[in-house]
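In what follows, a single structure is set out as structure tokens and then discussed.
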Amino acid sequence: MEAQDIPAEQPSSADGGGPAKPRLLLIEDDWRTHSALRKIFTKLGWEVHSAMTVSGGLALLQLRPDAIVLDMMLPDGDGITLLRKVRSEDHPVTIAVTTGIEDSTRLDEIRSLVPDGLFRKPLELNELLRVLDAARHT
């Protein structure tokens, strides 16, 4: 499937006005990973908004997510651009970076921006969930 941004999932009006769901921004261009994570987080009670590009992710930052799952290698650029932008703003957000990058210099650059979690692909789902769980309860 061609990399494209996925329309934001709309919160259900059937909620009856219950407590707001935590908001997750998922930025991942691999369709299988993207689809699987979107389904998992939706089932876990997150309001999931997603993109498959840096530009799509930047546009969705206006939603002020509670957490972001961010791939580093995206079709229109480097996810580090988005990570830098988020860290420069005055909005606390949990960020889990996912990457297939093996270059230690690049990994050090990512670590210098202090993501809450840095996960090598293939992902260890339980560790990813552990890092993002804190954002659900803030």
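The values are calculated or read from the model by the stated rules, or taken from the named source; none is laboratory data. Keep in mind that this is a model prediction, so the values were computed, not measured. As a convention, Cβ positions derive from the backbone with ideal geometry for all residues, glycine included, and neighbour counts pool all protein chains shown.
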Original post:
Going through region 90-120 one residue at a time, which ones are of a type in the set (D, E, K, R) and surrounded by 11 or more Cβ atoms within 10 Å (Cβ to Cβ)?
Top reply: 106, 109, 111, 116, 120
**OP:** Determine whether region 41-55 contains at least one residue that is in contact with a Ser or Thr (Cβ under 8 Å, 6 or more places away or on another chain) and farther than 21 Å from residue 19 by Cα.
**Re:** yes
Original post:
Any idea how many residues of region 57-71 are outside any helix (DSSP H, G or I) and crowded, with 16+ Cβ neighbours inside 10 Å?
Top reply: 7
Original post:
What are the residue pairs meeting all of these: first residue in region 27-38, first residue at negative phi, second residue of a type in the set (Asp, Glu) and not in a loop (DSSP other than H, G, I, E, B), Cβ atoms under 7 Å, and 6 or more apart or on different chains?
Top reply: 27/71; 28/71; 29/71
Original post:
Residues in region 34-56: is at least one at pLDDT below 95, of a type in the set (S, T, N, Q) and not in a helix (DSSP H, G or I)?
Top reply: no
